[in-house]
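Have a look at the structure below before the remarks.
Since every read-out is calculated from the coordinates, none of them should be taken as a lab result. The shown structure was predicted, so the numbers you read here are calculated from the model rather than taken from an experiment. Positions of Cβ are backbone-derived with ideal geometry, glycine not excepted, and every protein chain shown enters the neighbour counts.
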Ligand SMILES: Cc1ncc(COP(=O)(O)O)c(C=O)c1O
């Protein structure tokens with residue numbers, strides 16, 4: 001299905017798009033970045049030239065020239081009478097590539113497979129015959145795997161029984177199930193700013209009105225803002241990443257956890273806590289899971305970052321009543337989690353401590369290498385050094401990260417610009433750089449960034465007010 005982009009929405013997404021180049025060129029470039037980093041999708045129908053020129057307060061000739069440039073470069077198709085549609089050159093509409101096709105791809109904060117993964121699959125295949133007499137449509141998860149996941153919470157100090165666990169096809173699937181269950185049309189959803197882009201995609205696809213409160217490198221979660229938003233707008237749910245937050249890598253303090261859990265309970269907002277990154281500890285040490293502070297909290301988890309993104313095994317922990325509600329919604333989305341993957345996950349759970357230790361060593365090496373490279377080659381960028389997670393959230397201070405992403409592409413490096421992690425064009429000066437890559441890749445990537453940084457948008461930008469609605 002084609003999506004329609006209105007002039008107003010595009011104006012919001014564009015943020016501060018003007019640069020030194022002629023207006024039509026800057027506009028075309030910014031639309032191209034929005035398409036490349038996923039803020040606009042291939043196949044989306046663009047506003048008519050007249051509508052966009054009104055929304056941007058620009059002449060129609062400028063918009064027409066920008067569209068014409070996009071058409072020339074293969075990013076727009078126009079058919080007389082049916083408007084203009086975005087497309088990625090060399091791809092079918094709406095099709096997504098697994099890789100950017102560039103030699104260096106820093107768009108994904110995800111590490112290669114855990115070395116023990118193949119053994120886990122081998123043991124899963126050996127176990128499989130024991131399951132072949134069942135129908136194989138498994139909507140809640142294999143009992144042993146649910147038990148292992150429940151035990152994993154208990155080991156972290158949060159007593160949990162297997163019937164509080166649903167096994168899902170990764171955390172993203174879990175989030176979709178939970179959001180479909182909690183959200184009703186017209187309601188609001190509260191998120192951190194910045195946040196995980198595909199959570200925004202999920203909430204946007206439901207038609208939700210999204211509110212945000214800030215998470216800052218210097219001061220952490222602005223819980224007072226969160227409280228204000230919860231009181232004023234009564235969101236049905238709030239989506240949080242308290243442990244090694246993506247993209248900042250920050251961890252929420254115990255006091256902040258207690259405060260937010262109590263505020264949400266008082267006001268009737270359900271906290272959905274995404275722990276996909278929670279086991280990526282480099283040098284922090286354990287903190288109590290957020291769900292220790294309220295029985296109403298729903299927790300999402302995944303083996304995607306620890307074991308392998310391709311495993312596609314995650315889980316939802318919640319009260320039994322909530323499990324029943326989520327289960328009622330599941331058949332509309334899918335008919336169960338694959339069995340072989342669940343058996344492999346079960347084998348991996350037996351190996352969890354060594355898997356976490358091995359990831360921690362790799363991430364420490366990557367983080368320290370990337371920090372050192374940036375301090376040497378781009379000392380003007382402000383870094384906050386996280387003690388876990390997969391990425392640095394960098395404040396370039398003056399640079400347009402969208403322009404940087406575009407220039408990097410032409411040098412063979414794929415990047416995601418800051419605004420993909422925020423609402424309404426926020427974080428234009430920010431860049432997420434994952435450190436879960438080999439040292440040689442990190443060196444090449446930073447060398448490219450350092451080469452282009454000198455001539456990309458070095459003048460201070462007139463940035464839009466950071467949107468904290
Ligand atoms: C915060 C967060 N949640 C969810 C996901 C998706 O997890 P999964 O691959 O298990 O669906 C990711 C993956 O990048 C993530 O960073």
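At a glance:
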| quantity | calculated |
| --- | --- |
| Cα-based Kirkwood hydrodynamic radius, the stretch 185-310, one decimal, Å | 14.7 |
| Rg/Rh ratio calculated on Cα atoms of the stretch 117-353 (Kirkwood radius) | 0.96 |
| Gap separating the Cα centres of the stretch 346-420 and the stretch 115-189, nearest whole Å | 29 |
| Relative contact order computed over the chain (Cα-Cα under 8 Å; 6+ residues apart), in percent | 19 |
| Per-residue [θ]222 nm for the chain (sum of -39500 (n - 2.57) over DSSP H runs n ≥ 4, rounded to 500) | -12500 deg cm²/dmol |
| Histogram of C-alpha separations across the stretch 301-372, 10 Å bin width, % | 16, 36, 29, 14, 5, 0 |
| Helix axis angle, 117-127 relative to the chain longest principal axis, alpha carbon, degrees | 50 |
| Per-q log10 I(q)/I(0), the stretch 383-426, q = 0.15 Å⁻¹ (Debye; single scatterer per alpha-carbon; no solvent) | -0.44 |
| R0 of 41 Å, Cβ-Cβ distance residue 209-residue 371: FRET efficiency to nearest 0.05 | 0.60 |
| Exposure proxy ranking, count of Cβ atoms within 10 Å, fewest first, for 382, 292 | 382, 292 |
| Beta bridge orientation in the chain: antiparallel %, DSSP, nearest 5 | 55 |
| P(r) weight above 32 Å for the chain, C-alpha pairs, percent | 42 |
| Folded to 0 to 90 degrees: helix 171-182 orientation relative to the chain principal axis, Cα | 90 |
| For the stretch 318-451, Kirkwood radius (reciprocal of mean inverse C-alpha pair distance, Å) | 17.8 |
| The stretch 7-86: radius of gyration over Cα atoms, expressed as a fraction of 2.2 N^0.38 Å | 0.97 |
| Rounded to 5, the percent of DSSP beta bridges in the stretch 117-353 classed as antiparallel | 40 |
| In degrees, nearest ten, helix 254-267 long axis to first principal axis of the chain (Cα) | 90 |
| Per-residue Cβ neighbour rank within 10 angstrom, fewest leading, 79, 371, 272 | 79, 371, 272 |
